[in-house]
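Notes to accompany the following structure.
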Amino acid sequence: DAVRMEALSRMFVRFGHPENTADVRARTTYLVQIGYISMQVEEDVAVRMRRIADYIAIYTGEVPQQRELDRFYARHGYRPAPEV
C-alpha cells in the first residue's frame, strides 16, 4: 500500500501539486479505491463511466479534456450514450 501511495504522490508532484497536497490526494485516491474493493461495491459500468470526469476533477483539481475522456473510454471499450 505504501509503495502505491508513494507512486501516486510522486505523480501528483510531477503534475505540479505541492508535496503535502500530493500526499493527501494520493491517499484519498488509493484509499477510496480500496474501500470500493473491500466493500465489494457493485456499480453499473455506465454509471461509473459517467462519474469519471468528476472523479478526475475532484482527485486532481483539473477538469479533463474531452479528448482525454474519449481516449480513456476507448481504452476500456466504453461508448457513452449520445446526448439528447
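The values are calculated or read from the model by the stated rules, or taken from the named source; none is laboratory data. What you see is a predicted model, and the numbers here were worked out from it, not measured in a lab. Positions of Cβ are backbone-derived with ideal geometry, glycine not excepted, and every protein chain shown enters the neighbour counts. For the accessible areas, the whole protein counts, side chains as well, though only heavy atoms, and no ligand, DNA or RNA atoms are used. Shrake-Rupley method; radii C 1.70, N 1.55, O 1.52, S 1.80 Å.
Structure above, values below:
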{"item": "Whichever residue in segment 12-49 is outside any helix (DSSP H, G or I) and among the charged types (D, E, K, R) and, among such residues, is most open to solvent (accessible area, probe 1.4 Å)", "result": "E42"}
{"item": "Residue among V41, V24, V32, V47 that alone is modelled with pLDDT of 95 or more and either in contact with a His (Cβ under 6 Å, 6 or more places away or on another chain) or of a type in the set (A, V, I, L, M) (or both)", "result": "V24"}
{"item": "Total residues in segment 50-80, condition among the small types (G, A, S), outside any loop (DSSP other than H, G, I, E, B) and under 22 Å from T28 (Cα atoms)", "result": "2"}
{"item": "Residues (in contact with a helix residue (DSSP H, G or I) (Cβ under 6 Å, 6 or more places away or on another chain) and surrounded by 13 or more Cβ atoms within 10 Å (Cβ to Cβ)) located in segment 54-68", "result": "Y59, P64"}
{"item": "Test result for E6, part of a helix (DSSP H, G or I), open to solvent by 70 Å² or more (accessible area, probe 1.4 Å) and without any contact (Cβ under 8 Å) to a residue 60 or more places away in the chain", "result": "yes"}
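Okay, residues lined up against (1) under 19 Å from G61 (Cα atoms); (2) of a type in the set (D, E); (3) out of contact with any Ser or Thr (no Cβ under 9 Å at 6 or more places or on another chain):
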residue: M5; (1), (2), (3): yes, no, no
residue: S9; (1), (2), (3): yes, no, yes
residue: F12; (1), (2), (3): yes, no, no
residue: F15; (1), (2), (3): yes, no, no
residue: E19; (1), (2), (3): yes, yes, no
residue: R25; (1), (2), (3): yes, no, no
residue: Y30; (1), (2), (3): yes, no, yes
residue: Q33; (1), (2), (3): yes, no, yes
residue: V45; (1), (2), (3): no, no, yes
